[in-house]
Amino acid sequence: MEGVRKGEDAKIYIDGKEYLLPTVIGTEDELGIDIRRLRSESGAITLDPGYANTGSCISSITYINGEEGILRYRGYPIEQLAEKAEFLEVCYLLIYGKLPDQREYNYFVDKVTRHSLLHEDMKNFFAGFPNTAHPMCVLAAMVASLAAYYPDEKNDLELMDLNIVRLLAKVPTIAAFAYKKSIGQPFVYPRNDLSYTQNFLHMMFAVPAEEYKVPPLFNKALNILLILHADHEQNCSTSTVRMVGSSMANLFASIAAGICALWGPLHGGANQRVIEMLQMIYEDKGDVAKYVAMAKDKRNNFRLMGFGHRVYKNYDPRARILKSLADELLPELGYDDPLLEIAKHLEEVALKDEYFLERKLYPNVDFYSGIIYRAIGIPTNMFTVMFALGRLPGWIAHWRELRLDPSMRIHRPRQIYSGPSKRDYIPFTERG
Ligand code: ACO
């Protein structure tokens, strides 16, 4: 496979017998032992609950070095993309592997802009949800429902590209409609004269009664937030998209599954939990030390939300960008958020604490993102939806990479069974 070279064979001994396993080395010198032949040759499988040591694929989309705090999309450092790129440019880059030239970009933007309307019948679906429904549940259901309107791609590459455009175009509309439904306001239709991010903010905050102009700072902040969330290689939701996609499920079904995986508080749901935690600390007289102590106490299941990461054992580069964005943005907006001070204080205390240092627990992307979302008026229960909006191109890129891989096999891990050995069925009357 392109970009990957062979390393020296690894040796493994099982019951005194030696097995040779090939190794692969990635572009950035990451080493992997290819165990595909292990079971057929030795009868043994590898055991790795939580997959912390398992490479599920070879991918050319995103590179992360968690020890050094590096994140690159298709080779481009996240810091440069966050500073210079437009979100739709990054979508193109992730999905198609290269930065678009001006003509490709204009064509792509035009297509995404023109597919943002929802089928009118889909509006009826929103009516069926209670106002209290979490917008992530509405988003997942609506994205899966898109499959009812747009046919499967099978091997039709043109149709696959069209469905990719449809999905990128319609998810902001679905997300904004879900919000409007939850607050009892009329849906605001997409506008083709606005950019992707402006259009989303307009659909969220405009009302028919008056004109709404998207504040440029809101737009800038949203563009950066979406770029920072756009991909993160084989995380829980992306692996879910690949898992579902490996059964040849259609794009919409696969992405809806990713949305469900993202919802959990240990993954994308953490950004909502961070703000709830900071609010709780604020209402508790800002007693940061008390919450740091609670997070360290093994008898207490409280964790510092927005802290720690499976891959980053260093400061998450996205959190660094968001911290300085919050510092820059809030004063410019004249928005004095006491939760920003609490967050910074919490970080300072935690990063001096032996418990967090030893375990290499640093702020992750969710730690500061919520503070910026609040500053631009996004309600807390929409934070994870915002994450989904940002992660969409990453999910699509991984789904497409998998679908176009001729060596793709259905994802089907093995297990070590720990249940009872064979026993015979006992009728009710004889059970003790
Ligand atoms: N607060 C307190 N202790 C923590 C935290 C935390 N936020 N995170 C990890 N630890 C501790 C664990 O208790 C464990 O301690 P031990 O070795 O004494 O048992 C050690 O650090 C390692 O933690 P694990 O849970 O084994 O790490 P894992 O890689 O499985 O989990 C995760 C990573 C889920 C992100 C975890 O750090 C966590 O729960 N963080 C809070 C939730 C969060 O912010 N999630 C967002 C992640 S980023 C994203 O998805 C966008």
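The values are calculated or read from the model by the stated rules, or taken from the named source; none is laboratory data. Model, not experiment: these values are computed from the prediction. Neighbour counts run over all protein chains shown; Cβ positions are idealised from the backbone, glycine included.
What the table below lists for this structure:
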{"quantity": "Count - residues of region 265-287 that are under 16 Å from residue 389 (Cα atoms) and either modelled with pLDDT of 95 or more or in a loop (DSSP other than H, G, I, E, B) (or both)", "calculated": "3"}
{"quantity": "Residue tally, condition near the ligand (Cβ under 8 Å from one of its atoms), assigned to a helix (DSSP H, G or I) and of a type in the set (A, V, I, L, M), over region 288-318", "calculated": "1"}
{"quantity": "Enumeration of residues in region 356-368 that are more than 9 Å from the ligand (Cβ to nearest atom) and either of a type in the set (A, V, I, L, M) or assigned to a helix (DSSP H, G or I) (or both)", "calculated": "357, 368"}
{"quantity": "Check on residue 380, away from the ligand (no atom under 14 Å from the Cβ) and of a type in the set (S, T, N, Q)", "calculated": "yes"}
{"quantity": "Residue check for residue 345: more than 30 Å from residue 257 (Cα to Cα), part of a helix (DSSP H, G or I) and not aliphatic (A, V, I, L, M)", "calculated": "yes"}
{"quantity": "Any hit, region 221-230, residues being more than 16 Å from the ligand (Cβ to nearest atom), of a type in the set (Gly, Ala, Ser), buried (at least 20 other Cβ atoms within 10 Å of the Cβ) and closer than 24 Å to residue 268 by Cα", "calculated": "yes"}
{"quantity": "Test for residue 81: is it within 16 Å of the ligand (Cβ to nearest atom), modelled with pLDDT of 95 or more and surrounded by 13 or more Cβ atoms within 10 Å (Cβ to Cβ)", "calculated": "no"}
{"quantity": "Number of positions in region 273-287 that are crowded, with 18+ Cβ neighbours inside 10 Å and either outside the structural domain of residue 350 (by TED's automatic domain parsing) or away from the ligand (no atom under 11 Å from the Cβ) (or both)", "calculated": "3"}
{"quantity": "Residue match in region 321-338 (condition: over 30 Å from residue 112 (Cβ atoms), in a loop (DSSP other than H, G, I, E, B) and touching a Gly at 6+ places or on another chain (Cβ under 8 Å))", "calculated": "no"}
{"quantity": "Verdict on residue 377 being over 30 Å from residue 44 (Cβ atoms) and either touching a Cys at 6+ places or on another chain (Cβ under 8 Å) or surrounded by fewer than 17 Cβ atoms within 10 Å (Cβ to Cβ) (or both)", "calculated": "yes"}
{"quantity": "Checking residue 107 against (1) surrounded by fewer than 15 Cβ atoms within 10 Å (Cβ to Cβ); (2) closer than 23 Å to residue 323 by Cα, the condition it does not meet", "calculated": "(2)"}
{"quantity": "Verdict on residue 88 being touching a Phe, Trp or Tyr at 6+ places or on another chain (Cβ under 7 Å), touching a residue at least 60 places away in the same chain (Cβ under 8 Å) and not in a loop (DSSP other than H, G, I, E, B)", "calculated": "yes"}
{"quantity": "Selection within region 288-325 - touching a residue at least 40 places away in the same chain (Cβ under 8 Å) and either acidic (Asp, Glu) or not assigned by TED's automatic domain parsing to the domain that holds residue 222 (or both)", "calculated": "316"}
{"quantity": "Options 362, 417, 373; residue that is in contact (Cβ under 8 Å) with a residue 60 or more places away in the chain, aromatic (Phe, Trp, Tyr) and either touching a Pro at 6+ places or on another chain (Cβ under 9 Å) or farther than 30 Å from residue 203 by Cβ (or both)", "calculated": "373"}
{"quantity": "Matching residues, region 261-272, being in contact with a Gly (Cβ under 7 Å, 6 or more places away or on another chain) and within 7 Å of the ligand (Cβ to nearest atom)", "calculated": "270"}
{"quantity": "Region 54-94, residues that are within 19 Å of residue 24 (Cα to Cα) and in contact with a helix residue (DSSP H, G or I) (Cβ under 8 Å, 6 or more places away or on another chain)", "calculated": "56, 57, 59, 60, 61, 62"}
{"quantity": "First in region 222-248 and more than 24 Å from residue 70 (Cβ to Cβ), second anywhere and among the aliphatic types (A, V, I, L, M) and within 12 Å of the ligand (Cβ to nearest atom), Cβ under 8 Å, 6 or more apart", "calculated": "240/261"}
{"quantity": "Residues satisfying the stated conditions in region 158-210, i.e. out of contact with any Cys (no Cβ under 9 Å at 6 or more places or on another chain), of a type in the set (Ser, Thr, Tyr), assigned to a helix (DSSP H, G or I) and within 19 Å of residue 107 (Cα to Cα)", "calculated": "197"}
{"quantity": "Filter result for the condition that a residue is more than 26 Å from residue 240 (Cα to Cα), in the same structural domain as residue 268 (by TED's automatic domain parsing) and touching a strand residue (DSSP E or B) at 6+ places or on another chain (Cβ under 8 Å), over 99, 94", "calculated": "99"}
{"quantity": "Residues of region 390-404 classified as touching a residue at least 12 places away in the same chain (Cβ under 8 Å) and either within 14 Å of the ligand (Cβ to nearest atom) or outside any helix (DSSP H, G or I) (or both), total", "calculated": "4"}
{"quantity": "Unmet requirement for residue 308, which otherwise passes all of (1) at pLDDT below 95; (2) closer than 27 Å to residue 141 by Cβ", "calculated": "(2)"}
